[in-house]
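The values are calculated or read from the model by the stated rules, or taken from the named source; none is laboratory data. Only a predicted model underlies this, so the values are computations on that prediction, with no experimental measurement involved. Protein only, heavy atoms only, side chains kept; ligands, DNA and RNA dropped before computing areas. Shrake-Rupley method; radii C 1.70, N 1.55, O 1.52, S 1.80 Å.
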Amino acid sequence: MAQIRLSFILLLLIFSVASAKYPAIRRRSRARAFIEFQCQATLYPNLCVRCLSNYVANFTTTQSHEQLAHIALMVSLSRAQSTRAYVTEVAKQLKQTKGKDYQAVKDCLDQINDGVDQLTNCIKEVEMIKENGGSEFPWHASNVKTWMSTAQTDANFCIDGFGRAIGGKTKAMIKAKVLNLEQVTSISLTLFNRFAARYRASHATRPKV
């Protein structure tokens, strides 16, 4: 029993020394816990954690809802760009071979292109939001929400537009990539809404007594 207690004490000492020696480890642990907690508010918490945990090193000492919303948007844009690259290649191949499915893929690509534009606009708008408040915040926030919702709609239209036009692995791969994009964008929108709500609450004008 004494040996077990001694081993436990040694483990605590090792952990304490490691934590004191490597503050970055503690910071990353807090950042991951912050991400996991915030992701629970999304429709896809597991996907949210998987997507955002790779960016724990991007967080400063104090975890920020604005940082998280911005990172989530960057992930959404990255997914949109990679999806566009894949669908572009499929469209090129179908055009060269005069495949009958070309038009359906081209229509989907048009939707993805628009989604990339919408998400790019969102990131530019978020970068204009300052932590110190300002009367322009409602305008910026409204734009971001509108553009993100449009990007989600674009992804849905891409999937719905296929119908039975495309079959096999190509259709399955495109649908999987676009569905993932739609889900990641949904996560981004939820996290931005949480940031916006906290921002408004922290900058609300208190009534004079």
Ranking by accessible area, most exposed first, for Lys106, Lys95, Lys169 with a 1.4 Å probe: Lys169, Lys95, Lys106
Heavy atoms of Arg84: accessible area, 1.4 Å probe, square angstrom to 10: 70
